[in-house]
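The next block holds one structure in the form of structure tokens; read it before the comments.
The values are calculated or read from the model by the stated rules, or taken from the named source; none is laboratory data. Note that this is a predicted model, so its numbers are computed, not measured. No Cβ is skipped: glycine too gets one built from the backbone with ideal geometry, and neighbour counts run over all protein chains shown. Side chains are part of the model used for accessible areas, which takes the heavy atoms of the whole protein and leaves out ligands, DNA and RNA. Shrake-Rupley method; radii C 1.70, N 1.55, O 1.52, S 1.80 Å.
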Amino acid sequence: MMMMGDMTQLGSLMAVVMFVWAAFSQLFPDEYQRDVRKYVNKAVSYVYPYVEITFHEYQVDSWFERSTAFSSIERYLSINSANRAKRLKASVVKDCESVVLSMDDNEEVTDEFDGIRIWWTSSKKIPQQRALFSYRGAEEEPRFYKLTCRKEHRDVITNVYLKHVLDEGKAIAVRTRQRKLYTNNKSENWRGNKKIWSHIVFAHPSTFDTLAMDPKKKTEILNDLMTFRKSKDYYKKVGKSWKRGYLLYGPPGTGKSSMIAAMANLLEYDIYDLELTSVKDNTDLRKLLIGTSSKSIIVIEDIDCSLDLTGQRKPKKKKEEVKEDKKDPLEKEAEDEEDKKKKGSEVTLSGLLNFIDGLWSACGSERLIVFTTNYLEKLDPALIRRGRMDKHIEMSYCCYETFKVLAKNYLDLESHELFETIGRMLGETKMTPADVAENLMPKSDEENGEICLNNLIKCLEDAKEEARLKALEDARINIAEKEAGEKVQENGEKVQESDARIATDDKLQVNDAKENGVFVAL
């Protein structure tokens, strides 16, 4: 707390000022009071021995974006000064493993730096009129921290101490960070007390050590991710925003979701699972992007199924355009509204492209954008070109190297006499890592490693036989279709020959009639 002598002098001074101001307010109108207030504040500043610096919770130029400086100060005070506060707030982190205490509202604590005493006060700014809705949800009263120090220490505080506080706050955030999995709420629910993103604690156990994948391809991806993580200065030098796109494609069950989880665990990033069908339009899509944090992965899974993005680029046929022009304007407007209701989302391909690498994509840094699809050929080429989806990763069927990783994960086996048989069969049969893992997982206490391996061999034999029968069936269908086509062609040729004969006979009859002096009037 402030020294007792300073407090007494300051209290006396403030009492005198308040008395003079009350008398002045009764004698002079408002327009004079404003001018006098300005000069009084200036005069008091010469007498007042302290400097005050205020840090608001939200940015002045962006009323829904939380200040990073405020967050850093909050973390710094919770570690360094909260033990001296009388009223505290508690928050639980790391899956209820620890409790973090911070100073409550309207509370004051002191801090020491190089022999200098600093006072920190936590307060709330109460608005005169409550807004009908807020992007910040229930927090209608933004908080702020006020730093107070003596005038003679101003340079040390502004040039050294504040940098120390912000750096310490960032370091504390890294040590205590609780990674999260976010999903976007429906656009129509953003008003009121609901936020645009909801989250749970991210606790997926997948890592690159447990990821069932070819070791060479895994090493390549690992190197790419670690290079990206250390490339802040490089991206700035080449004039690109610090982000990278990954396209994961392949059949279902090949480990695309596990790959995303392994990426997040390796880099210690949050995940934002973006559901495009819940986004009303491109404007809301941009708001979602602004609401994401740095050090995060933005994921759109099964993007080929999310929205009909490629169909929006197909031009209308001329007949349809003419038909549209002839419609009554009111009827056309009603049909457009009905189409919007059926469609649910007005997000366009152009809006999504701007989200990925347009001007709005630079609002933040150190982000990965990941698309997954089972059908690569369905995606618009503009969506997956290099610069948007920088690295294309094929998640393919299980090979022998992938199987060995799964056997180590599920059975703790690094070698077995049945491995050679399984490796040969995997080269002859297509089976996803998910199906292989299901067969390797013991279903009871009696099942050991050998039983599970034999189960996998049996499943591979069944899959091989099923593939053989399917190939035979496809071949039979192809032959039948070919024979049907040949019959149609043969019938067509017979019809043409018949028509030719009829035409020839008609010509002969006409010639005979001419020779006999018979004229046919047409």
**Message:** Only one of 240, 280 is open to solvent by 70 Å² or more (accessible area, probe 1.4 Å), touching a helix residue (DSSP H, G or I) at 6+ places or on another chain (Cβ under 6 Å) and at negative phi. Can you tell me which?
**Reply:** 280
**Request:** Look at residue 304 and say whether it is part of a helix (DSSP H, G or I), modelled with pLDDT of 90 or more and of a type in the set (D, E, K, R).
**Result:** no
**Asked** Which pairs have Cβ atoms under 9 Å, sit 6 or more apart or on different chains, and link a residue in region 209-225 that is of a type outside the set (Val, Ile, Thr) to one that is loosely packed, with under 15 Cβ neighbours inside 10 Å?
**Response** 217/394
**Request:** Please list, ordered by first then second residue, the pairs with beta carbon atoms under 6 Å, 6 or more apart or interchain, first in region 108-121 and touching a residue at least 24 places away in the same chain (Cβ under 8 Å), second open to solvent by 70 Å² or more (accessible area, probe 1.4 Å) and not in a strand (DSSP E or B).
**Result:** 109/84
**Out of 425, 431, sole residue that is without any contact (Cβ under 8 Å) to a residue 40 or more places away in the chain and assigned to a helix (DSSP H, G or I)** = 425
**Item:** Subset of region 383-400 that is out of contact with any Gly (no Cβ under 7 Å at 6 or more places or on another chain) and under 22 Å from residue 458 (Cβ atoms) - its residue that is least open to solvent (accessible area, probe 1.4 Å)
**Value:** 398
**Complete:** Picking from 292, 277, the residue that is modelled with pLDDT under 95, within 19 Å of residue 374 (Cβ to Cβ) and within 19 Å of the chain's Cα centre (by Cα) would be 277
